[in-house]
Every structure is written in structure tokens, then in C-alpha cells.
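The values are calculated or read from the model by the stated rules, or taken from the named source; none is laboratory data. Please read all numbers here as calculations on a predicted model, not as lab measurements. Every residue, glycine among them, receives a Cβ derived from its backbone with ideal geometry; neighbour counts consider all protein chains shown. SASA here: full protein model, heavy atoms, side chains in, ligands and nucleic acids out. Shrake-Rupley method; radii C 1.70, N 1.55, O 1.52, S 1.80 Å.
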Amino acid sequence: MPTRRAAILAAALTVLAAAGCSGSGSAEKQADQNTLVVSTFPFGVKEFEQAVVAPFTKQTGIKVELDTGSNSDRLSKLRLAKGKPEADVVLISDYFAALGQKDGLFQKVDVPNIKQLAPFATEGTFEGPAYTHQLNGIIYNTGKLSQKQAADWALFASPANKGKVALPDISVTAGQLMISGVGESYGKGPYDIDTSLKTLSGWAPNVLQFYTSSTEVTNLLTQGEIVAADALSGFATKLVTSGEPIAWTAPAKGRYMATNRAMIPKGARNQQGAAKFIDYMLSAEAQSAMAKAAGDLPTNPKAEIPAEVAKVTGEAAKDPVAAGFKTLDPAQLVDTRTTWVDRFTREVAGK
């Protein structure tokens, strides 16, 4: 009899222990679903929190933790995670998104608000949609150049501008867009690297600096050291609204844009929360707020464009394709990237 009682007691303890483990697992899973880790860019974090994170949390109850860093650093972190990423959502530029896809790091994003986006935000082979876009053009001093002069790539070749212009390094987003714009304008198209590098090499003696950050190029302009630079439109917004004699224009030919993508890594712990967050980011409400707070150009045509952003880019902010801007095919760039970077450094920036 005592033996039977002992067996019953042991069985009961086993059931209780199992129930306790199950409860702990459920609680842990629930905690995962109530928290979201978003990997994003290091700039504009406060504006992003105000425009997107706070209202999303208020609407869903899901807390958002931000993990910031450069495109390359965050992509490296994903590779090292080996299928167990810290991030549930990764906001990343199109080229680095393509690199991650080649390594099989991302999964397909399918959320309702994708249907609201402009076609350029969802076309191509990307696993995730574009939530914002960036236009490449010329930022210039309005007291030194006219809009027509600034829109002509020839300004970088002019002896009159020797030591008074800046160009982006290939390592930054504007760098590749510039290379493709020059390739189209002077060669056979956006991937004509030979003609583009030969042309840029001819301009190199005129270039004061090949910059790697927005701060560098805006400082050069405001201090009067340069009269123009190839740059993304977002660089000009604050300068223009602050009253500086600065403007931005699209080039007359060779107009290219980049996109930032919202991606979900394979193995993300909170995939449902990730989908909800991306769906919210794509809404007209969130994109209007991001445009107002940080000057982000929307991919949802229903989003409102602030007057200060429209002043810089005009109709291109609302419909870049109608304004002549095109996206690049990442398949044409991923496999050639290392070679192109080496060549640019040797043939252009190193001259």
C-alpha cells in the first residue's frame, strides 16, 4: 500500500512539474509576442520613435526595442546569428537587402497595406516592400549656380569649378546612384561601369572631396568651400527650410533612386508582431508622420507630403517614376560590388 501511495504521489508531482514548465514556456512565448526588436538606421531615431514606434505601441500594445547601426554592421549581425536573429524587423537599404537575400537571410513579407503602395515599392525580386525612397541629384549654392547649370553633369568637368565640387564615395547610397546616372548619360546605360569610371576619373582633379557622410557635404556647402555636390534630396531639406542659399535639383539625365526596405529575418521570434509593425509602417498615417518628422519620402501615394519636402523635390516626392526616376536592379550589382568598389577607389577616388 505505501508503495502504491508513493507511486501516485510521484505521478502527481510529475504532472505538476510538467504543468509548471508548460506555464513558464507559455509566459515566455507571450512575452516574446508583446515585444518587438527593430533593426534600423542610427540617424533620425528620435523622429522615428515619435512618428511610428509610439503610435504603433499605443495601437497594438506591442513594445518596440530599436537596435541601430550601419547597413553593413546589421547585415553582418544577421549572418552571425545563423538563423536565430535578435531582430524581428530589419529596415535596410535595397542593395544590402539584396545581399541578405542572396544569403537566404530573409522571408517573404505579405501584409495588407502592401496593396496601397506605388508599383516601384513592390516590383522586382525583393522579399520585403520599400517603405521610403531616396532621390539622387545635385545640391548646390543658388548664389553661384542656376538650376539649369546644376542639373547638367558637365558642371563637375568645368575648369571654373575646380576644387569647388564634391562627389559621394561608392560606399554610400548616392555613390552607386551617381555611377549609374553617369553611365546612362555618357555611356550605354546604368551598368556601363567602364564609361562611368572613365568619366568620373576625368572629373576627379576638380573634386575637393569624395564624401562618406551627409554631415561632410552639408558642412562643405554651408562653409562656402564648394558650390555643388551630387547628393540625396534629403540632405537639402533642413538647409533649404533654414534659409540657406541652397537648393537641390534632379539631373537633366540619369535620374536614379534608392529604396529602403522593410524585411523580416528568417527565424524571427515575433513574426506576427513583425508583420503588424511593417503593415503599420506602410499605412498612409505612418508614412505621413515619417515625412513630417524626418522628411522621409513615402511609397504610399495616399501619404501627405510636407510643404518643406515638396519645396525641395517637387512632384518627384509624390511620384518619382513620373518625374523620370528609376530604381536599379540589385541582380546587376551584388556580384560585381567588390570589383566596382576596388576600381572606384583605384581609378577615381585615388587620383
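Things to note:
- Residues of the stretch 252-267 that are closer than 17 Å to Leu297 by Cβ, out of contact with any Gly (no Cβ under 6 Å at 6 or more places or on another chain) and open to solvent by less than 10 Å² (accessible area, probe 1.4 Å): Met257, Ala258, Thr259.
- Taken over the stretch 308-350, the residue count meeting the criterion of being within 27 Å of Trp248 (Cβ to Cβ), part of a loop (DSSP other than H, G, I, E, B) and touching a residue at least 40 places away in the same chain (Cβ under 8 Å) is 10.
- Meets criteria (outside any helix (DSSP H, G or I), open to solvent by less than 10 Å² (accessible area, probe 1.4 Å) and in contact (Cβ under 8 Å) with a residue 24 or more places away in the chain) for Leu135: yes
- Scanning the stretch 110-134 for residues that are aliphatic (A, V, I, L, M) and out of contact with any helix residue (DSSP H, G or I) (no Cβ under 6 Å at 6 or more places or on another chain) yields a count of 4.
- Within the stretch 311-329, the only residue that satisfies the criterion of being small (Gly, Ala, Ser) and either over 19 Å from Ala150 (Cβ atoms) or open to solvent by 40 Å² or more (accessible area, probe 1.4 Å) (or both) is Ala322.
- Among the residues listed as Pro301, Pro306, the single one being in contact with a helix residue (DSSP H, G or I) (Cβ under 8 Å, 6 or more places away or on another chain) and open to solvent by less than 50 Å² (accessible area, probe 1.4 Å): Pro306
- For the stretch 88-124, a tally of residues being aliphatic (A, V, I, L, M), assigned to a helix (DSSP H, G or I) and open to solvent by less than 20 Å² (accessible area, probe 1.4 Å) returns 3.
- Residue within the stretch 246-258 that is in contact (Cβ under 8 Å) with a residue 60 or more places away in the chain and under 22 Å from Phe48 (Cα atoms) present: yes
- Residue match in the stretch 124-131 (condition: in contact (Cβ under 8 Å) with a residue 40 or more places away in the chain, over 30 Å from Asp279 (Cα atoms) and of a type outside the set (Ser, Thr, Tyr)): no
- Total residues in the stretch 121-140, condition more than 20 Å from Ala323 (Cα to Cα) and touching a Lys or Arg at 6+ places or on another chain (Cβ under 9 Å): 4
- Consider the stretch 73-87 and keep the residues that are assigned to a helix (DSSP H, G or I) and of a type in the set (Gly, Ala, Ser). The one that is most open to solvent (accessible area, probe 1.4 Å) is Ser76.
- Residue identified as at pLDDT below 95 and either farther than 24 Å from Gly128 by Cα or not acidic (Asp, Glu) (or both) among Lys253, Lys351: Lys351
- If you filter the stretch 273-291 down to residues that are of a type in the set (Gly, Ala, Ser) and open to solvent by 10 Å² or more (accessible area, probe 1.4 Å), you find that the one that is nearest to Gly314 (Cα to Cα) is Ser288.
- If you go through the stretch 269-300 and keep only what is of a type in the set (D, E, K, R), over 30 Å from Lys82 (Cβ atoms) and in a helix (DSSP H, G or I), you end up with Glu285, Lys292.
- Odd one out for Ser213 among (1) open to solvent by 10 Å² or more (accessible area, probe 1.4 Å); (2) touching a strand residue (DSSP E or B) at 6+ places or on another chain (Cβ under 8 Å): (2)
- Any hit, the stretch 250-257, residues being among the hydrophobic types (A, V, I, L, M, F, W, C) and within 16 Å of Ala310 (Cα to Cα): yes
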